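Engineer: Sharing a structure here in structure tokens format.
The values are calculated or read from the model by the stated rules, or taken from the named source; none is laboratory data. This structure is a prediction, so every number in the text was calculated from the model and none was measured. Glycine also receives a Cβ, built like all others from the backbone with ideal geometry; neighbour counts cover every protein chain displayed. For accessibility, only protein heavy atoms count, side chains too; no ligands or nucleic acids. Shrake-Rupley method; radii C 1.70, N 1.55, O 1.52, S 1.80 Å.
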Amino acid sequence: MTKNMKCLILDDEPLAIDVIENYLKRLPDIEIFTSNNAIDAFRVMQKEKIDLLFLDIEMPLMSGLDFLKTMKTAPAVIITTAYRHYAVEGYENDALDYLVKPISFPRFMKAFEKVIKYLQSNNSVKEDADTDKGYLFLKVNGKFVKLSINEILYIESLKDYIKVVTAANFWISYQTLTSITEKLPEDKFMRIHRSFTIGIDKVNSVEGGCVEIAGKLIPISRDSRQEVIKRICKDGSSS
């Protein structure tokens, strides 16, 4: 890596912080920040561009998942918790991995290597993206595929991967829905659900809790419904 990776450990248990911190200290080019509550972590993230967040779930005042949901732009996230039953919700919020305490060093390294691949992949895509010119390059099966932004109908999250759908084809790429959404023009695309980002002008109809794009019914999260209808109607795309 050409620069230090900035890692933030958010956990209300000092011993749990110590374990992750000691593991990170074995690795080169790592800058470590720690917080024992969401408010302090938020302050750190305002000052520092955090690359990787180790996030505990059950904490006072605000849970780790609630903290994650407050972030418009989240770093790479690894969930660290004593409870296995949060795994599904963690992945649905784009966590790259889920570590159950006590965390062994080999299991920690497996998760960390996944983050390295994810960050390297995202950096490669960002270097080859030019949304001002209307396209981006998507890494698919070891090669970069050039996609016209205007052709994208919607993007679906598949845990560590995304499915980018156009009228003619679809592509699977190793990155999160959050990372790809950040690269797209905000006036043309909107994340309407934890698992879906849509092209606003591609919507054919809105009914109940779904939008319809090219025959595909896509759910709208309850929190996003009013904003979805407002933006689609503003753009003249509703039926």
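Engineer: Return the residues of segment 193-208 that are touching a Leu at 6+ places or on another chain (Cβ under 7 Å) and of a type in the set (D, E, K, R); say none if nothing qualifies.
Structural biologist: Listed by number, the list holds a single entry, K202.
Engineer: Further, regarding this structure: Considering only helices (runs of 4 or more DSSP H) fully contained in segment 1-73, which possess at least 3 residues that are farther than 21 Å from K101 by Cβ, β-branched (V, I, T) and in contact with a strand residue (DSSP E or B) (Cβ under 7 Å, 6 or more places away or on another chain)?
Structural biologist: Filter on segment 1-73 gives an empty set.
Engineer: Same structure again: Applying the selection to segment 106-119, what residues are at pLDDT 90 or above and open to solvent by 60 Å² or more (accessible area, probe 1.4 Å)?
Structural biologist: P106, R107, K110
Engineer: May I ask you to say which residue of A74, A87 is buried (at least 19 other Cβ atoms within 10 Å of the Cβ) and either at pLDDT below 70 or under 22 Å from R191 (Cα atoms) (or both)?
Structural biologist: A74 is the lone residue from the list that is buried (at least 19 other Cβ atoms within 10 Å of the Cβ) and either at pLDDT below 70 or under 22 Å from R191 (Cα atoms) (or both).
Engineer: Need pairs with beta-carbon distance below 9 Å; first residue in contact (Cβ under 8 Å) with a residue 24 or more places away in the chain and within segment 212-235, second part of a helix (DSSP H, G or I) and crowded, with 17+ Cβ neighbours inside 10 Å; sequence gap 6+ or separate chains.
Structural biologist: I213/K202; A214/K202; I220/V228; S221/V228; V228/I200; R231/I200; I232/I200; D235/I200
Engineer: Considering only residues that are of a type outside the set (F, W, Y), under 18 Å from the mean Cα position of the chain (by Cα) and modelled with pLDDT of 85 or more, which ones fall in segment 139-160?
Structural biologist: I155, E156, S157, L158, listed by residue number.
Engineer: Can you tell me which residues in segment 197-221 are of a type outside the set (A, V, I, L, M, F, W, C) and not in a strand (DSSP E or B)?
Structural biologist: Once the filter is applied, which keeps residues that are of a type outside the set (A, V, I, L, M, F, W, C) and not in a strand (DSSP E or B), segment 197-221 yields D201, K202, N204, G208, G209, G215, S221.
Engineer: Pick from L99, L65, L24: which is open to solvent by less than 40 Å² (accessible area, probe 1.4 Å), within 30 Å of E186 (Cβ to Cβ) and touching a residue at least 12 places away in the same chain (Cβ under 8 Å)?
Structural biologist: One residue alone meets the criteria, L65.
Engineer: Separate question: Could you grab me the full set of residues in segment 169-185 that are part of a loop (DSSP other than H, G, I, E, B) and either open to solvent by less than 30 Å² (accessible area, probe 1.4 Å) or at pLDDT below 90 (or both)?
Structural biologist: Of everything in segment 169-185, those that are part of a loop (DSSP other than H, G, I, E, B) and either open to solvent by less than 30 Å² (accessible area, probe 1.4 Å) or at pLDDT below 90 (or both) turn out to be Y174, Q175, T176, L184, P185.
Engineer: Please give the number of the condition K163 fails out of (1) surrounded by 14 or more Cβ atoms within 10 Å (Cβ to Cβ); (2) at pLDDT below 90.
Structural biologist: For K163, the failing item is (2).
Engineer: What's the number of the only condition in (1) part of a strand (DSSP E or B); (2) surrounded by 14 or more Cβ atoms within 10 Å (Cβ to Cβ) that S224 fails to meet?
Structural biologist: (1)
Table: residues versus (1) of a type in the set (A, V, I, L, M, F, W, C); (2) without any contact (Cβ under 8 Å) to a residue 12 or more places away in the chain; (3) open to solvent by less than 50 Å² (accessible area, probe 1.4 Å).
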{"position": "D11", "(1), (2), (3)": "no, no, yes"}
{"position": "P14", "(1), (2), (3)": "no, no, no"}
{"position": "A41", "(1), (2), (3)": "yes, no, yes"}
{"position": "K49", "(1), (2), (3)": "no, no, no"}
{"position": "F54", "(1), (2), (3)": "yes, no, yes"}
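Engineer: Would you check if L153 is assigned to a strand (DSSP E or B) and in contact with a Gly (Cβ under 6 Å, 6 or more places away or on another chain)?
Structural biologist: Yes; evaluated as a whole, the condition is true for this residue.
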